[in-house]
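Let me begin by presenting the structure, written as structure tokens, before commenting on it.
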Amino acid sequence: MRYRIENMDCPTEEALIRNKLGQVPGVTDLQFNLVQRTLTVLHQLPALAPVEDALAAIGMQAVPLDTAVSAVETALHIAKMDCRTKEGLIRGKLSGMPGVDALAFNLVQRTLTVRHATGVLPDVLAALKSLGFEAEAVATAGGAELTAPVRTRTAWWPLIVSGAAALLAEVVSWLGAPAWLVIALALVAIGTGGLSTYKKGWIALKNRNLNMNALMSIAVTGAMLIGHWPEAAMVMVLFALAEVIEAKSLDRARNAIRGLMDLAPERATVLQDGNRWVEADAKTVALDSRVRVKPGERIALDGVVVLGRSTINQAPITGESLPVEKAEGDPVFAGTINEAGSLEYRVTATANDSTLARIIHAVEAAQGNRAPTQRFVDQFARWYTPLVFAVAIGVAVVPPLLMGTAWLEWTYRALVLLVIACPCALVISTPVSIVSGLAAAARHGILIKGGVYLENGRKLRWLALDKTGTITHGKPKQTDFAAWGEADPGLARAIAVSLAARSDHPVSKAIAVAGQDDAVTVREVEDFAALPGRGVRGQVAGAHYHLGNHRLVQDLGASSAALEAHFSSLEAQGKSVVALLASDGVQAIFAVADTVKDSSRQAIADLHALGVKTLMLTGDNPHTAQAIAGEVGIDRAQGNLLPEDKLREMEALAAQGTSGMVGDGINDAPALARADIGFAMGAAGSDTAIETADVALMDDDLRKIPAFIRLSRATAHVLMQNITLALGIKAVFLVLTFAGQATMWAAVFADMGASLLVVGNGMRLLRK
Ligand SMILES: Nc1ncnc2c1ncn2[C@@H]1O[C@H](COP(=O)(O)OP(=O)(O)OP(=O)(O)O)[C@@H](O)[C@H]1O
Ligand SMILES: [Zn+2]
């Protein structure tokens, strides 16, 4: 269950919530997102009332998000539901079901309206079926709207009154006005500007928590007690103002992030009844609908082109701003921009399920996984506040007792310490920076699945790369064909093409395509099987054949000196060579060549410049591997690897520092999972790549990896700057306080300044 908590501004409030909800039985985990101001509660409770009560008790305005985002009301017509007992039966079955919120029965109409989370409907229908009821959905009254974020309006009037009163208090006290006037003005200022601080502070103290409201309440009260009336008023006003400004700057950060990615238009032109085009809300467009886009329009939904050609700017998804040509059969993505022609496409994913939606989701989820620095900072903050608080008490009590110095003077210094005990700026600086980094990456078509990877990217020492499709285009073409020995070339080719046509492997595909181009007749293949890392086998007209690589030829004992020489000469040219074998030996030899992507060469050079070493891991033979590696400038190449060999290589690399691996994610899955950072290529078309990789590159441009590393470095810089700044200001005030030079209001002012600076600095990453 996700809540948006509007008044969770300062991270110190997190501890308060954590404490309170930690006491609610059934709550298993809490995930805070301070930038979005959301809290996710994992629980095993039948209902959320205890959680919501607990939040209300500590003064948090929690707005449940998930029901707002995904609750749908579905009206079901159930023909056999005609009496109370059946209603009771259904109620009993459905009311406890996860994802079902509310049930409304109408026995006259025989409808049941269910309010449920999206995606639960099939379970509901299955449950009804198990009771023997056939249910038919009548109409879905949308609720799938994303509710606009609740805006709390800033109440400026009390703040202005409070500010004016505080200023007046300063002025009249300076002019030597009678004490009662100063006190009255200060009280007005504190009463109008500080009431909510006191209220929240009191709640926190009751819960044995020292959040900033509690600290401020104590500090201001203390200042009043020692007679610093104008200053107490000023501190309270400045603090209230700081709160507002902090909240606004965070709002800006949040909106900037959303704005970067929220790009799909809300409306789409859909074909209805096969003859008219109507404008519809994109969220309501069903799968397989036909949608039309005009030149210059943004695409609203993911789909496949069925009519027309155009060029599309896919930058919002892939980060690549060169337009891509699209014709029938090509995929289009929600959020991308149709440039030249008109297109019609068939919808392949609903609005909530589009690639863009997945990206936004993944970025939002990534914020929840705390990066190492953030964990460190949180830990630090947990100790910092109580520590400074203890020091403050010491400062107030010890010097006057031991050295007989003035009580009031040291109490004042203690109060200044209370003001700087708030770690706000420090704690907020990390998530803002990380989130900005994640958003900037997403805009460049790099989807990072957690702050950890963003932070660790700069430490990458070794990057392992798969060959086919990663360094090369992955679309090899047949370059050579020769019959071997006495074999009949026509027959050998026909059999090889028939076997190849059954496989999805790029090498086989190349042979099959070349055969098709030359109009080779495809034969019937029986008993077909793929031999991973080697090739394929099958029967044609009752005879057994193999089609596969060098290794397979050797495994089958069909090698000879002449054959080896022939293989070697082709392999040295960077070609992949396969042979067709019958029971009496090699029949024909095929070579296919794949071209290297221009971007790969550049990417490898960039990686080396960044100090990352590169290693190619491939199932292809070592000569070919070496030739391709040489062509793009890769440090080392390892050929003849089976998937499990790749895994072993990754384990060896891991021992030498942070390692990464890029692959297409299919036969490289184990090695990718083993790498500290697993990169998947071409993720825009594949859901699994987005879901399983640590970092998903939306297209297949390897240069995204150096870009990722540079972003990781920039993020680390900003994090360091922010932490230094936030801690530095505290340190300066600590020293000034002991020297008796610091004032309370200056401390509040500096704290506010620090918060603004770190948020602004973090947001600089958005422009990277
Ligand atoms: N189905 C197949 N048809 C033809 N040749 C195959 C087939 N499967 C494997 N081979 C041969 O075995 C070699 C290794 O295959 P494997 O699938 O392990 O690596 P790959 O995916 O081609 O290369 P990379 O690891 O660089 O992606 C290929 O280069 C090819 O020569
Ligand atoms: Zn603060």
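Rule-based calculations on the coordinates, nothing more; no lab input. Quantities reported herein were computed from a predicted structural model and do not represent experimental measurements. Don't worry about glycine lacking a Cβ; one is built from the backbone with ideal geometry, like all the others, and counts go over all protein chains shown.
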Original post:
Leu322 versus Ala104, label points 7 Å from Cα toward the beta carbon: distance in nm?
Top reply: 5.6
Original post:
In deg cm²/dmol and to the nearest 500, what is the mean residue ellipticity at 222 nm of the chain if only DSSP H runs of at least 4 residues count, each as -39500 (n - 2.57), divided by the residue total?
Top reply: -15500 deg cm²/dmol
Original post:
In nanometres, what is the gap between the two model label sites at Asp518 and Leu734, each 7 Å from Cα along Cα-to-Cβ?
Top reply: 7.9
**OP:** Whole Å is fine, so just give me how far the alpha carbon centre of the stretch 511-556 lies from that of the stretch 617-645.
**Re:** 24
**OP:** Determine which lysines satisfy two conditions relative to Lys768: a Cα distance under 26 Å, and not lying fewer than 8 residues away in the same chain.
**Re:** Lys248, Lys449, Lys459, Lys597, Lys613, Lys704
Subject >> Dipole magnitude of the chain about its Cα centre (Cβ charges: Lys, Arg +1; Asp, Glu -1), debye to nearest 20 >> reply: 2200
Original post:
How far, in degrees from 0 to 90, does helix 744-763 lean away from the longest principal axis of the Cα atoms of the chain, to the nearest 10?
Top reply: 10
**OP:** Provide the FRET efficiency to the nearest 0.05 for the Arg382-Ala562 pair, computing r from the beta carbons and using R0 = 60 Å.
**Re:** 0.20
Original post:
Computed over the Cα atoms of the stretch 265-353, what is the convex hull's projected area averaged over all directions, in nm²?
Top reply: 5.0
Original post:
Where in the stretch 260-293 does the amide nitrogen come within less than 18 Å of the point 7 Å from the Cα of Asp330, taken along Cα to Cβ?
Top reply: 291-293
Original post:
Helix 229-261 versus the longest principal axis of the chain: what angle, 0 to 90°, nearest 10, using Cα atoms?
Top reply: 10
Subject >> Dipole of the chain, positive direction: furthest Cα of Ala680, Ser712, Val305, with charges on the beta-carbon >> reply: Ser712
Original post:
How far is helix 372-403 tilted off the main Cα axis of the chain, in degrees rounded to 10, range 0 to 90?
Top reply: 20
Subject >> ³J(HN,Hα), Karplus 6.51/-1.76/1.60, whole Hz, each residue of the stretch 534-542, x for Gly, Pro >> reply: 10, x, 9, 9, x, 10, 10, 6, x
Original post:
Which of the aspartates and glutamates could be linked to Lys200 by a straight reach, that is with a Cα gap under 20 Å, when you skip same-chain ones fewer than 8 residues away?
Top reply: Glu6, Asp9, Glu13, Glu14, Glu52, Asp53, Glu243, Glu246, Asp751
Original post:
So for the pair Ala654, Asp353, with labels modelled 7 Å out along Cα→Cβ, what separation do we get in nm?
Top reply: 3.4
**OP:** Exposed loop GluC sites (Glu not before Pro) only (DSSP loop, at most 13 other Cβ atoms within 10 Å): please give the longest stretch of the chain free of them, not including the sites.
**Re:** 525-768
Original post:
What FRET efficiency do you get for Asp584 and Lys475 if R0 is 35 Å and r is their Cβ-Cβ distance, rounded to the nearest 0.05?
Top reply: 0.55
Original post:
Using r as the Cβ-Cβ distance of Met403 and Gln61, and R0 as 60 Å, what FRET efficiency do you calculate, to the nearest 0.05?
Top reply: 0.80
Subject >> Cα centroid separation, the stretch 412-490 to the stretch 187-262 (Å) >> reply: 39
